[in-house]
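Read-outs: derived from the displayed coordinates by stated rules, not from any lab. Note that this is a predicted model, so its numbers are computed, not measured. Reconstructed Cβ throughout: ideal geometry from the backbone, glycine too, with neighbour counts over all protein chains shown.
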Amino acid sequence: MKAIQEYHLLDENPKNLLVIAPTSSGKTFLGELAAVREARRMKRALFLVPFRAIAEELYANFTRKYKEYGIPVVISDRDHSEYDDDILNGTYQIAIIVYEKLANLLITKPDLFTGCNLVIADEVQMMMDNSRGPTIELLLTKLLLSPEPVRILALSAVLEKLNDFDQWLRADVLVDQYRPVELREAVYTRDGRACYREFNSKKTGAEEYGSWNTRQEGLLRLCQSMIERDEQVLIFCSARNSAVETAHFLAEGLSGTQAATGAIRDANDLIDSTTREELQHLLRSAVAYHNSDLMLEERLLVEDWFRKKEIKALTCTSTLAMGINVPARNVIIYEPWKWNGAQQDSISVAEYKNMSGRAGRYSAGDEYGCSYIIAKSLADADAYEETYLLGSVEGFASSFGKQRIDSQVLEIIAGGLAKTSEEVHRLVFSTYNGQHRWTTERSKTEIGQMISDAITRCLEYQAIECDDNGTLIATPLGRLCAAGGYTLDHLARAVEYVETHKTDVVPSVIFWVLNTDAKCGNQAYHIPKLRSLEFQSDT
């Protein structure tokens, strides 16, 4: 009500609004209200999300609610391109789009925001993410510079020190720290004690689960106790392969579980694949995993049968910390770290809060939810309590410019937003970092050189051309690279392959080259898992 009455969420053409609230507190519903309000005014709204799984869930939810009412809802992500023409032509009222996919569509139609009245930017704290943050920041910059004003409703998990982020967004700020379901945040130690602190009331207490020696043993004890109480649990892992391995470990170690027969039956209707067979094996123990290696239909099956409570233990990556409706009474942050290339870093306080905040189901009437972080030593326990349970969330900090910005510079040129080096510099310095971080002469010089180096690399890779007047134009290869969301290194490998194998170019190999992460040296490639048994047998 505060968003509607005090911040005029549903009024016509109010200011931009930044909503900051804990996970599972109803932020997405505010976005839904605002989008539907625009649709009722015969206006258009874009609902931007960071993950395909979130896009799919929102699309299914909105379609179920509003299709019969006559509101056209469309979706666009890596799994869905059937509505791309509708989005490009403006024949929609609510479009749910993954951030990177919108960036790609803007290459095809730079004036895509024309006629759009509202953009909802969900999980906008992802701007701080090193890998995906620059894309989101550049998108928001384009919005702020749009010739036609577009209202922005930015939704964020808990942020404390905004560092002028709200000023850059030109937004009012609504902050709500209250959780509708109490959360007990616990550190689970080797003596078997889980000492917790409640989020709302600040009360403390402890639970006993039995001592353990290894982290795996501690995980198994926790999960087994939850199974015996007929409760569900989400287990957050640091990477895709770890989620799979942990699911297999639990399936072998848990006792007293009943097979998820409904999920196994529905899986029979899916495409024959290695992951389908793997899931069906795990489902016999009421265990599953959720990561981006699963096909769309497989992810939907896992989410659906977790909500139906047949799946009791679900291992996952951080994707499920971002607004997907798979609530559980319990959350275990099994691996409180993440990988930046070959480097292992601790998760941030904000990332921890997002994960732990998935515990507790308002719709199920839970009195409270429980989150656990497993500490293998007393030193770790003290550090986890001090950092995650009692510590403050990090202040807002952009990741734009921490790494090479070749892709962003190519995106700017390919999208027609800049035709000269000076215009590229001007746009880059309109980003949040450009306005609020790169303020010293030294930083301006360093970033200016970074922009110039990016333009040079784009020219070297033949992604852009420069005529005698200094006009920068994207080549067909450059537009393909930008529209596909590929890096210059991806482009170079694809071109090299085509030139080397002119008479023997296999489309599937080109696809593999373009979809392999641009990592080399000590950093391993990520190759998307081959899902079809038929395709696998042919390699």
Quiz item: What residues have an amide H closer than 5 Å to that of Ala154, excluding those fewer than 5 places away on the same chain, when H is modeled at 1.01 Å from N in the peptide plane?
Solution: Leu17, Leu18, Val19, Ala121
Quiz item: GluC sites (Glu not before Pro) within the range 312-396: which are DSSP loop residues with at most 11 other Cβ atoms inside 10 Å?
Solution: Glu367
Exercise. Taking 7 Å along the Cα-to-C-beta vector as the label spot, tell me the Glu423-Asn213 distance in nanometres, rounded to one decimal.
Key: 6.8 nm
Quiz item: So which trypsin sites (Lys or Arg not before Pro) in the range 307-350 end up in coil per DSSP with only 12 or fewer other C-beta atoms within 10 Å?
Solution: Lys308
Practice problem: Count charges around Ile473 for me, please; just the other residues with Cβ under 9 Å from its Cβ, Lys/Arg as +1, Asp/Glu as -1. | Solution: -1
Self-check item: J(HN,Hα) series, the range 67-73, from Karplus relation 6.51 cos²θ - 1.76 cosθ + 1.60, nearest Hz, glycine and proline x
Solution: 4, 5, 6, x, 9, x, 10
Practice problem: Taking 7 Å along the Cα-to-C-beta vector as the label spot, tell me the Arg78-Val498 distance in nanometres, rounded to one decimal. | Solution: 2.2 nm
Exercise. Calculate the dipole size of the chain relative to its Cα centre from +1 charges on Lys and Arg beta carbons and -1 charges on Asp and Glu beta carbons; express the result in debye to the nearest 20.
Key: 1020 debye
Self-check item: Farthest toward positive dipole pole in the chain [+1 Lys/Arg, -1 Asp/Glu at C-beta], among Gly360, Cys458, His80
Solution: Gly360
Self-check item: Inter-centroid distance (Cα atoms) of the range 15-65 relative to the range 288-310, Å
Solution: 22 Å
Quiz item: Using r as the Cβ-Cβ distance of Glu245 and Asn163, and R0 as 45 Å, what FRET efficiency do you calculate, to the nearest 0.05?
Solution: 0.75
Exercise. Taking amide H positions as placed in the peptide plane 1.01 Å from N, state which residues far from Glu207 in sequence (5 or more) or on other chains have amide H under 5 Å from it.
Key: Ala194, Cys195, Tyr196
Quiz item: If you take every DSSP beta bridge whose two residues both sit in the range 100-236, what share of them, in percent to the nearest 5, is antiparallel?
Solution: 70 percent
Exercise. Could you please report the charge total around Val175, scoring K, R as +1 and D, E as -1 over all other residues with beta-carbon less than 11 angstrom from its beta-carbon?
Key: -3
Quiz item: Which residue, chosen from Phe47, Asn104, Leu174, occupies the Cα position most advanced towards the positive end of the dipole of the range 2-175, where the dipole is computed from +1 (Lys, Arg) and -1 (Asp, Glu) charges on Cβ about the Cα centre?
Solution: Leu174
Exercise. Please find the FRET efficiency linking Glu252 to Lys65, where r is the Cβ-Cβ separation and R0 is fixed at 35 Å, and quote it to the nearest 0.05.
Key: 0.30
Quiz item: Once fully extended, how much extra length lies between Ser131 and Gln343, figured as 0.36 nm per residue of separation less the alpha-carbon to alpha-carbon distance?
Solution: 74.9 nm
Self-check item: DSSP bridge pairs, the chain: antiparallel proportion in percent, nearest 5
Solution: 25 percent
Quiz item: Given the convex hull over the Cα atoms of the range 182-389, what projected area results after averaging over all orientations, in nm²?
Solution: 11.2 nm²
Exercise. Rounded to the nearest Å, what's the spacing between the alpha carbon centres of the range 186-240 and the range 417-437? Just the number, please.
Key: 48 Å
Quiz item: So for the chain, taking the charge dipole from beta-carbon charges (+1 Lys/Arg, -1 Asp/Glu), which of Leu301, Val19, Trp438 sits furthest toward the positive end?
Solution: Val19
Quiz item: How high is the relative contact order of the chain, in percent, with contacts defined as C-alpha pairs under 8 Å that are six or more residues apart?
Solution: 16 percent
Quiz prompt | In order through the range 270-278: 3J(HN,Hα) via Karplus (6.51 cos²θ - 1.76 cosθ + 1.60), integer Hz, x for Gly, Pro | solution = 7, 4, 4, 8, 5, 5, 4, 4, 5
Quiz item: What per residue convex hull volume, in Å³, do the alpha-carbon atoms of the range 1-72 yield?
Solution: 110 Å³
Quiz prompt | Surrounding net charge for Pro22, when Lys and Arg each add one and Asp and Glu each subtract one, Cβ distance under 10 Å | solution = +2
Practice problem: Subtracting the Cα-Cα distance from 0.36 nm times the residue separation, let me have the gained length for Glu394 to Glu6 in nm, one decimal. | Solution: 136.9 nm
Quiz prompt | Whole-number percent relative contact order across the range 68-155, with pairs defined as alpha carbons under 8 Å at least 6 apart | solution = 27 percent
Self-check item: Cα radius of gyration and Dmax for the chain (Å)
Solution: 23.9, 75
Quiz item: Which pairs in the list Lys202/Lys312; Lys142/Lys419; Lys65/Lys308 are over 27 Å apart, alpha-carbon to alpha-carbon?
Solution: Lys202/Lys312
Quiz item: By how many nm would the segment from Glu441 to Asp467 lengthen if fully extended, with 0.36 nm per residue of separation less the alpha-carbon distance?
Solution: 6.3 nm
Quiz prompt | From phi via Karplus (6.51, -1.76, 1.60), per-residue ³J(HN,Hα) for the range 284-296 in Hz, x at Gly/Pro | solution = 5, 10, 6, 10, 8, 10, 9, 8, 6, 6, 6, 5, 3
